[in-house]
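One structure is given below, encoded as structure tokens.
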Amino acid sequence: MDGRTRRREDTRQRLYEAAVELIAEQGFSATTVDDIALRAKVAKGTVYYNFASKTALFEELLRHGIGLLTDEFRAAVEGLPPRDAVAALVRAQLEYIRRYRAFAQLLLSEMWRTNREWQQTLVLLREQAIGVIAETMQAGVDTGDLPADLDVRVAASALFGIGLVVAVDWLVFQPERPIEDVEQSLLSIVRRVA
């Protein structure tokens, strides 16, 4: 990667981070391109040079963030038997959200809104992340490690949603609680259901 490409990627990363923080703090509608530029310490024109609009920036932000989560899910389950893989997914999601808390808060607030321009993008991206969970659970059903009558799609959505809500709740209201404690509590709930 040459210096120019690296600078562009660094700028885009600063814009992502600024947008995530601001939108998580004050919502999409209240966040302006001026706010994003100021927080990222760039000129307003730099935002438009990198993204056609605030909406385009937000869509790319969703792609970037959920893409990272999906990659982490895939890496976490690689080579593991189904029950261990489910536990690895829980841990991966908690660690991801601890690292990208503002993005998780943003995702939590936007996930179920249906009146947004990027809703279709969000549906497709969500499906990628939940798809990894569903594949893992289906493998468990196929091997007999999970109940044969498990509704894999609903269970995968439930695990994703529970993990998202529990992790954000943990970081906002009980940040001093060790991740291992949260993980074990979440796994005990999952195991009672699965």
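Summary table below
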{"read-out": "Residue within the stretch 166-183 that is surrounded by 18 or more Cβ atoms within 10 Å (Cβ to Cβ) and not in a helix (DSSP H, G or I) present", "value": "no"}
{"read-out": "Segments classed as helices (runs of 4 or more DSSP H), wholly inside the stretch 18-81, with at least 1 members that are surrounded by 15 or more Cβ atoms within 10 Å (Cβ to Cβ) and at pLDDT below 85", "value": "54-77"}
{"read-out": "Residue check for residue 118: closer than 30 Å to residue 16 by Cα, touching a helix residue (DSSP H, G or I) at 6+ places or on another chain (Cβ under 6 Å) and modelled with pLDDT under 90", "value": "yes"}
{"read-out": "Pairs with Cβ under 7 Å, 6+ apart, first in the stretch 168-194 and closer than 14 Å to residue 91 by Cα, second open to solvent by less than 80 Å² (accessible area, probe 1.4 Å) and aromatic (Phe, Trp, Tyr)", "value": "182/170"}
{"read-out": "All positions within the stretch 82-111 that are surrounded by fewer than 18 Cβ atoms within 10 Å (Cβ to Cβ) and of a type in the set (Asp, Glu)", "value": "84, 95"}
{"read-out": "Odd one out for residue 105 among (1) modelled with pLDDT of 90 or more; (2) part of a helix (DSSP H, G or I)", "value": "(1)"}
{"read-out": "Residue within the stretch 138-146 that is open to solvent by less than 20 Å² (accessible area, probe 1.4 Å) and assigned to a helix (DSSP H, G or I) present", "value": "yes"}
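The values are calculated or read from the model by the stated rules, or taken from the named source; none is laboratory data. Keep in mind it's a predicted model, so treat the numbers as computed, not measured. All Cβ positions, glycine included, derive from the backbone under ideal geometry; neighbour counts span all protein chains shown. Surface accessibility is based on the protein's heavy atoms, side chains included, excluding ligands, DNA and RNA. Shrake-Rupley method; radii C 1.70, N 1.55, O 1.52, S 1.80 Å.
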